Amino acid sequence: MTPPDPDSTVAGNNSDWQDMLFTQAPPTLGNQFDDDPLLGSWLSRHLPGYVATPLREELRELGGFAGGELYRLQLADRLNEPVLTHWNAWGERIDEIVVTRLWLEAEKLAVKHGLVATGYDRSLGRYARLAQFLKVYLFHPSSDWYACPLGMTDGAARSLLISGSAEQQARAVPRLTSRDVATFWTSGQWMTETTGGSDVGRCETRAVRDGAGWRLYGRKWFTSAVTSQMALALARPEGNPRGGDGLAMFYVEVRDAGGKLNRLRVDRLKDKLGTRKVPTAEMVLDGARAELVGAPLNGVCAMEPMLAVTRMWNSVCAVAFMRRGLALARSYARRRQAFGQPLERLPLHADTLAGLEAETWGAFLVAFLLVELNGRHAAGESDAQQRALLRLLTPLVTLVTAKQAVSVVAEVIESFGGAGYVEDTGLPQLLRDTHVLTIWEGTTNVLALDALLRTDLHAGLAPLLGRASACRRNAKAPRLVAAAQQAVGAIERAVLTLESMHDDTVLQAGARRIALTLARALQLTLLCEHAQWMLDNGGDRRGYAAALRFARQPVDLMTEVDPEADRLLLG
Ligand SMILES: Cc1cc2nc3c(=O)[nH]c(=O)nc-3n(C[C@H](O)[C@H](O)[C@H](O)COP(=O)(O)OP(=O)(O)OC[C@H]3O[C@@H](n4cnc5c(N)ncnc54)[C@H](O)[C@@H]3O)c2cc1C
């Protein structure tokens, strides 16, 4: 519409045209618990009444916050970022970091709802992790990645319970799992150095023993949430061999009782693509006082329980971002008209969103299978098969959900057209914040190699196939059986390929595709099983639609591998 010439004497009231301009209604979020049919059905299926009934009320409260007050605050707080001040007015080095308003609120909410503590609630037995991560799933997308310090805190608590001394446990674990903001601590994990995050065995930080204990010297290159009160760090005790085996794990408190930094400096905060609310620092340890956790060797192995926990956080946060993106995209598709119809009635737009929905359902089911296995393991209720499956699924689920999240959220941005590209919709931040999922708990390649090169993890292949086959048996509707059979076939082929690969170069080059095939095929079988359960318990056909839709998307990603041709192509 062309606005009339303001000087024209012909036009009547010159401001009328502005009132006639079309204004698009923005997407809205409802209660994120009530609006999620998969979450509701999954809860009814997997949790016994004594856990589910009180939890449902808490989840509804969190879902209301996440879709309401917290989401509004997130949009209002969009431009704020953490600020690092190196020196105070009197010339003292303080390295103080002020976090954003939303982070302060998120901390209170997280502690009140026990986002870490619930995982350690013994009264919940093997359901503790499930109860915890259902809360995380709702809380995370409106928290500007406050889940990052929470995940590391959870990982540190678990590590200390496994490897820490009685004194370390007594001092740190009650704080890390506190439900009181006044006593709550978060923890960092200081591993990555300039020499490498994947190849962490090249770590250069030295641990030197003096009369009073250990001191650490070195530079940590990515230390997220450096506002934490403590951290678990990797360093090499003097005299230890090179490589990962020569590293040890250390417990470090960031400040002393008087609030002074423990001989460490925060050089700068990273200027990052996303996760900009997370203060990720470059840091120098200049004799920081530290305590050994466990033995003075094999620190990388000692970090495993921590990684198992943080990778579970990565997986659930990935699904949570997918769900958030879709909640916004679906709301917009109801409100935005094109060619005389709401977008949701346009067949191709509906088809696009349905594909994303199916991906999100598959990701949810596999992520919560991982959580369930972790919960059983922590409660001492898992058998050897389940533990082997847990170890294999930890990298597999992390890598597949992260990849799905990046692709789903990218498509969500496109589903908004130009609006998805505009910063103050909050949508670009969602995309940027999602991208980190494929990096910070290990990149896709590194996770794939972790899963497939380590022969000790191969013990998980048979239970994986067993779980998928059980899903196929549980499916009854003919099309679900056929889809599940297709998935089981893909898993069998992947296992066969893996077992017949004797050339390490070929195995490495093909690892990502095998890993993704195993994970996506498992997702499809879980979808078929859950779809059948939904049909049998109330007749809801949405699970059925999700399973069949997922079956039409790429599941078996294996192709012939030709490292020679790769080298040729790359010159
Ligand atoms: C926002 C953010 C926060 C972070 N916070 C923390 C933190 O709190 N604590 C911490 O310790 N670290 C943290 N990290 C670091 C993160 O864990 C590392 O960046 C990650 O592990 C990758 O390591 P790198 O950066 O050294 O990449 P590299 O290891 O150099 O990897 C570069 C590329 O090479 C590929 N590659 C590497 N090895 C192989 C292989 N064998 N085969 C095939 N491909 C391979 C990788 O997939 C990647 O694509 C953070 C990173 C980010 C982005």
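The values are calculated or read from the model by the stated rules, or taken from the named source; none is laboratory data. As the structure is a computational prediction, the values presented were derived from the model and not from experiment. Positions of Cβ are backbone-derived with ideal geometry, glycine not excepted, and every protein chain shown enters the neighbour counts. Surface accessibility is based on the protein's heavy atoms, side chains included, excluding ligands, DNA and RNA. Shrake-Rupley method; radii C 1.70, N 1.55, O 1.52, S 1.80 Å.
A few notes on this one:
- Heavy atoms of residue 569: accessible area, 1.4 Å probe, square angstrom to 10: 150 Å²
- Surface per residue (accessible, 1.4 Å probe) for region 254-382, Å²: 37 Å²
- Length released on extending from residue 79 to residue 35, taking residue separation times 0.36 nm less the Cα-Cα span: 13.0 nm
- Packing rank of 147-157, 192-202, where each peptide gets the mean count of other beta carbons within 10 Å, highest leading: 147-157, 192-202
- Per residue, region 421-489 exposes 43 Å² of solvent-accessible protein surface, assessed with a 1.4 angstrom probe and all protein chains in place.
- Dipole magnitude for region 372-467: computed about the Cα centre from +1 point charges on Lys and Arg Cβ and -1 point charges on Asp and Glu Cβ, it is near 420 debye.
- Accessible surface of region 393-548, 1.4 Å probe, proportion on carbon and sulfur as whole %: 56 percent
- Estimated from helical segments only, the mean residue ellipticity of the chain at 222 nm is -17500 deg cm²/dmol, where each DSSP H run of four or more residues counts as -39500 (n - 2.57).
- Under 5 Å between amide hydrogens, built in the peptide plane, is the criterion, and for residue 249 it picks out 293, 299 among residues at least 5 positions away or on other chains.
- Given 11 as the ceiling on other Cβ atoms within 10 Å, longest exposed-site-free region of the chain for chymotrypsin sites (Phe, Trp or Tyr not before Pro) in DSSP loops: 91-338
- Along each principal axis, Cα extent of region 176-329, largest first, Å: 59, 36, 30
- Surface exposure of region 66-216, expressed per residue as accessible area with a 1.4 Å probe, stands at 41 Å².
- Positive-end extreme of charge dipole, region 340-420 - chosen from 370, 413, 341 (charges on Cβ): 370
- Placing +1 on the Cβ of every Lys and Arg and -1 on the Cβ of every Asp and Glu, with no other charges, gives the chain a dipole of roughly 1120 debye about its Cα centre.
- Surface/4 of the Cα convex hull for region 31-186, nm²: 11.2 nm²
- Centre separation in Å (Cα based) which lies between region 127-167 and region 341-396: 19 Å
- Taking θ as phi - 60° and the Karplus parameters 6.51, -1.76 and 1.60, the scalar couplings of region 302-314 work out to 5, 6, 4, x, 5, 5, 4, 6, 5, 6, 5, 4, 4 Hz in sequence order, x denoting glycine and proline.
- Normalised convex hull volume, region 391-493, alpha-carbon set, Å³ per residue: 130 Å³
- Note: region 241-361, Cα convex hull, 189 Å³ per residue.
- Rounded percent of accessible protein surface that carbon and sulfur make up, region 247-358, 1.4 Å probe: 54 percent
- Cα pair count fraction exceeding 17 Å, expressed as % - region 310-355: 42 percent
- When the charge dipole of region 13-79 is built from unit charges on Cβ atoms (+1 for Lys and Arg, -1 for Asp and Glu) and taken about the Cα centre, the candidate among 33, 67, 51 whose Cα reaches farthest toward its positive end is 51.
- Placing +1 on the Cβ of every Lys and Arg and -1 on the Cβ of every Asp and Glu, with nothing else charged, gives region 506-571 a dipole about its Cα centre of roughly 260 debye.
- log10 of Debye I(q)/I(0), alpha-carbon scatterers only, for the chain at 0.07, 0.08, 0.09, 0.12 Å⁻¹: -0.44, -0.57, -0.71, -1.22
- For the residue pairs 135/277; 277/403; 270/403; 112/270; 220/272, the alpha carbons lie more than 26 Å apart in 112/270.
- For region 262-274, the Karplus equation 6.51 cos²θ - 1.76 cosθ + 1.60, evaluated at θ = phi - 60°, returns couplings of 7, 6, 9, 10, 9, 5, 6, 8, 5, 9, 9, 4, x Hz by residue, with Gly and Pro reported as x.
- Sorted from longest to shortest, the spans of the Cα atoms of region 111-253 along the three principal axes equal 45, 32, 28 Å.
- Added length on full extension, which subtracts the Cα-Cα distance from 0.36 nm per residue, residue 286 to residue 92: 68.2 nm
- Share of Cα-Cα pairs in region 42-126 lying beyond 17 Å, as whole percent: 65 percent
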